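Report on the structure given below.
None of the figures in this text is laboratory data; all of them are computed from the coordinates on show. These numbers come from a predicted model, not from an experiment. Methodologically, a virtual Cβ is constructed for each residue, glycine included, from the backbone with ideal geometry; neighbour enumeration extends over all protein chains shown.
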Amino acid sequence: MDARNWLVIDDSTYTELDLECFEPPLEPYRLYRFLSDLEDILAQEPDDRQRLQAILPRVRTLLNSSYWLQMEFDPPSPRTGWAVRFLYRDHEFPLTLQMVTWAPGQVSPIHNHASWGAIALIAGQERNRIWKRSPTADARDRIEPVGEVVLNPGDVIGLTPEAIHSVEVLGNEPTISFNLYGVTNFQKRFEFDRERGTAKLY
């Protein structure tokens, strides 16, 4: 099955994208070239959806070209069921690169990122449930499910800042993903409680 590209936007609409492959002008496509390309995209394109449509093909090209990145991960913690290894973090540059691992059976909280993000699955299989806000007079942070996307190795999903999702590991193998985020507004990043219709900072 061909690798797939998905985009989830702020209103929780999600679509599969048919994106052109990115052919780098120089081979191999190394991390420093990827970061330079991202800096140019961020400077030239203010719209998060358009940014992500330019970024997602470059993420796949980077992972296919720089195989060492796929080995830069930590096993899931026996205590928490997950682990994060930072590949790149610069407080003066609006990008964070991570390798994230989840143990089999783990389910994330329902959350948004308050930042654009791109996630490429490297190993395992995960279900991304997509949620939308559905406030009532009694529960202004009520949410409801709108669908799901199952990611397999090679698939990439982009999320705009207010897109709401949760992640569930499928099968008996850990998942490994390459995660890329812009600047997070931590005052707008929330974990949602579906049963209570509430949200708290995440």
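Loop-only GluC sites (Glu not before Pro) in region 133-202, please: DSSP not H, G, I, E or B, and at most 14 other Cβ atoms within 10 Å.
Working: sites: GLU148, GLU162, GLU168, GLU191, GLU195; in loops: GLU162, GLU195.
The qualifying sites are GLU195.
Can you bin region 1-64 into rounded, prolate or oblate? Criterion: square roots of the alpha carbon gyration tensor eigenvalues sorted a ≥ b ≥ c, rounded for a/c under 1.5, prolate for a/b above b/c, oblate for the rest. Don't skip to the answer; put the middle values down first.
Numbers: a/c = 2.70, a/b = 1.31, b/c = 2.06.
Judged from the Cα gyration tensor, region 1-64 comes out oblate (a/c at least 1.5, b/c at or above a/b).
Could you give me the ³J(HN,Hα) list for region 4-9, computed from phi with Karplus coefficients 6.51, -1.76, 1.60 and θ = phi - 60°, whole Hz, x at Gly and Pro?
Karplus values, whole Hz, x for Gly and Pro: 10, 10, 10, 9, 10, 10.
Just how large is the dipole of the chain about the Cα centre, in debye to the nearest 20, putting +1 at every Lys and Arg Cβ and -1 at every Asp and Glu Cβ? Can you show the working numbers first?
Working: 21 positive and 30 negative charges, 127 e Å.
Computed charge dipole of the chain: roughly 620 debye.
Once the Cα atoms of helix 31-44 and of the chain are each reduced to a long axis, what angle between those two axes, in degrees from 0 to 90 to the nearest 10, is obtained?
With both axes taken from Cα atoms, the answer is about 60 degrees.
Whole-Hz Karplus ³J(HN,Hα) for region 64-80, in order, using 6.51 cos²θ - 1.76 cosθ + 1.60 and θ = phi - 60°, x for Gly and Pro?
Calculated HN-Hα couplings, in order: 6, 8, 10, 5, 4, 4, 5, 9, 8, 9, 9, x, x, 5, x, 7, 9 Hz.
Apply the Karplus parameterisation 6.51 cos²θ - 1.76 cosθ + 1.60, with θ equal to phi minus 60°, to every residue of region 96-101 and state each ³J(HN,Hα) to the nearest whole Hz, in sequence, with x for glycine and proline.
9, 10, 9, 10, 10, 10
Could you give the alpha-carbon Rg of region 60-105 over 2.2 N^0.38 Å, rounded to two decimals? Before the final figure, lay out each step's value.
Details: Rg = 12.5 Å, N = 46, 2.2 N^0.38 = 9.4 Å.
For region 60-105, the normalised Cα radius of gyration comes out at 1.33.
Pull out the extension gain between VAL183 and LYS200, defined as 0.36 nm times the separation in residues minus the alpha carbon to alpha carbon distance; nm, one decimal.
Values: separation 17, 0.36 × 17 = 6.12 nm, distance 1.94 nm.
Length difference between fully extended and current span is 4.2 nm.
Taking only C-alpha pairs under 8 Å that are 6+ residues apart, what is the relative contact order of the chain in percent? Numbers along the way, then the final one.
Details: 462 pairs, mean separation 52.5, N = 202.
Relative contact order here is 26 percent.
Full extension from ARG49 to ASP138: what is 0.36 nm times the residue separation minus their Cα-Cα distance, to one decimal in nm? It would help to have the intermediate numbers written out before the result.
Numbers: separation 89, 0.36 × 89 = 32.04 nm, distance 3.24 nm.
Going from the current span to full extension adds 28.8 nm.
Show that you can apply the helix-only estimate: for the chain, add -39,500 (n - 2.57) for every DSSP H stretch of four or more residues, divide by all residues, and state [θ] at 222 nm to the nearest 500.
On the way: 2 runs with 32 residues, N = 202.
The helix contribution divided over the chain gives -5500 deg cm²/dmol.
Along the positive direction of the dipole of region 22-86 (beta-carbon charges: Lys, Arg +1; Asp, Glu -1; about the Cα centre), which of PHE73, LEU42, PRO25 reaches farthest?
PHE73
Size of the dipole of region 119-202 about the Cα centre, Lys and Arg at +1 and Asp and Glu at -1 on the beta carbon, nothing else charged, in debye to 20? Provide the component values of the computation, followed by the final result.
Values: 11 positive and 12 negative charges, 73 e Å.
Dipole size: approximately 360 debye.
If a/c stays under 1.5 just call it rounded; otherwise compare a/b with b/c (prolate if a/b is bigger, oblate if not). Do that for region 37-155, with a ≥ b ≥ c from the square roots of the Cα gyration tensor eigenvalues. Can you show the working numbers first?
Numbers: a/c = 1.78, a/b = 1.18, b/c = 1.50.
Cα axes put region 37-155 in the oblate bin.
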